[in-house]
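Every number here is computed from the coordinates shown, using simple stated rules; none is lab data. Keep in mind it's a predicted model, so treat the numbers as computed, not measured. All Cβ positions, even for glycine, are placed from backbone atoms using ideal geometry, and neighbour counts span all protein chains on display.
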Amino acid sequence: MKEKIMNIELHIERVQSLLDQMDLQKKCKFSAWCCNALLLEKKIKENMTKITNSNVNYQLCDAIIKAGWYDFSQINIGISQKAIEDINWDDDDPLNDMIETQGTIELLASIRNMLLGIQQKSSDSYYFAACAENVINWKDALANFPYSEDGKIEDENLKREYEIQLLFLDDLKNSIITLQDIKKYR
């Protein structure tokens, strides 16, 4: 387990280093792409709707992520942060023990990280890189508590996540990401 944690740390350091070389718009695109990976997970969507008793929160997350992808300057950071913080659920709900709840928590954390990165507007890419870690945390949770019988699919998806994050960053660096690429490599 320790080796896996070290790999995550080294990977995130590399992601942050690559992001440090990019402008705010590209950093935002990367973080929105990461957030969207979590948003696309059917189990996370279903879980968020169940534990918050509404589809509105999922739609709110989608709107913030899309704004981060298309034009982060249109995001009202304060209102968006408050809206994400206000998404809560009953701590005693048995659904909290489900793996999907971990995914929901990672989704909300990734959106918070994206918003904090935008708010900072600095050359430090820490918050944007943290979005990559949120996705890896989710994939790691699935690998540890797989839906499949043998867990091979989940293990492969975890390994692939490391690779596609670097591929996407390379595409961003080389300016070959288009507005239609929010689902690229997914």
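List of remarks:
- Mean Cβ count within 10 Å, highest first, over the residues of peptides 81-87, 48-54: 48-54, 81-87
- For the stretch 1-63, the spread of Cα positions along each principal axis, largest first, Å: 39, 35, 14
- Prolate/oblate/rounded label for the stretch 91-183 (Cα gyration tensor, a/c 1.5): oblate
- Unpaired by the 4.7 Å Cβ criterion, cysteines found in the chain: CYS28, CYS35, CYS61
- Cα gyration tensor shape for the stretch 71-110, rounded if a/c is under 1.5, else prolate or oblate: oblate
- Net charge, MET114 excluded, C-beta distance under 11 Å - Lys, Arg +1, Asp, Glu -1: +3
- Computed [θ] at 222 nm, deg cm²/dmol, the chain (DSSP H ≥ 4; -39,500 (n - 2.57); rounded to nearest 500): -24000 deg cm²/dmol
- Dipole magnitude of the chain, debye to nearest 20 (Cβ charges: Lys/Arg +1, Asp/Glu -1, about Cα centre): 740
- Span-like helix ranges in the chain, DSSP H, alpha carbon extent 18 angstrom or more, Kyte mean at least -1.0: 2-20, 24-39, 56-70, 99-120, 126-144, 152-173
- At full extension, ASP124 and ARG14 could sit 38.3 nm farther apart than now, given 0.36 nm per residue minus the alpha carbon distance.
- The distance between label points at ILE164 and LYS66 comes to 2.1 nm (points 7 Å beyond Cα on the Cα→Cβ vector).
- Distance distribution note for the stretch 2-183: the fraction of Cα pairs above 31 angstrom is 13%.
- The label-point distance for GLN59 and LYS183, in a model that sets each label 7 Å from Cα toward Cβ, rounds to 2.0 nm.
- Taking amide hydrogens as placed 1.01 Å from N in the peptide plane, the amide H of ILE87 sits under 5 Å from that of no residue at least 5 positions away in sequence or on another chain.
- Between the stretch 109-186 and the stretch 32-55, the alpha-carbon center distance in angstrom: 15
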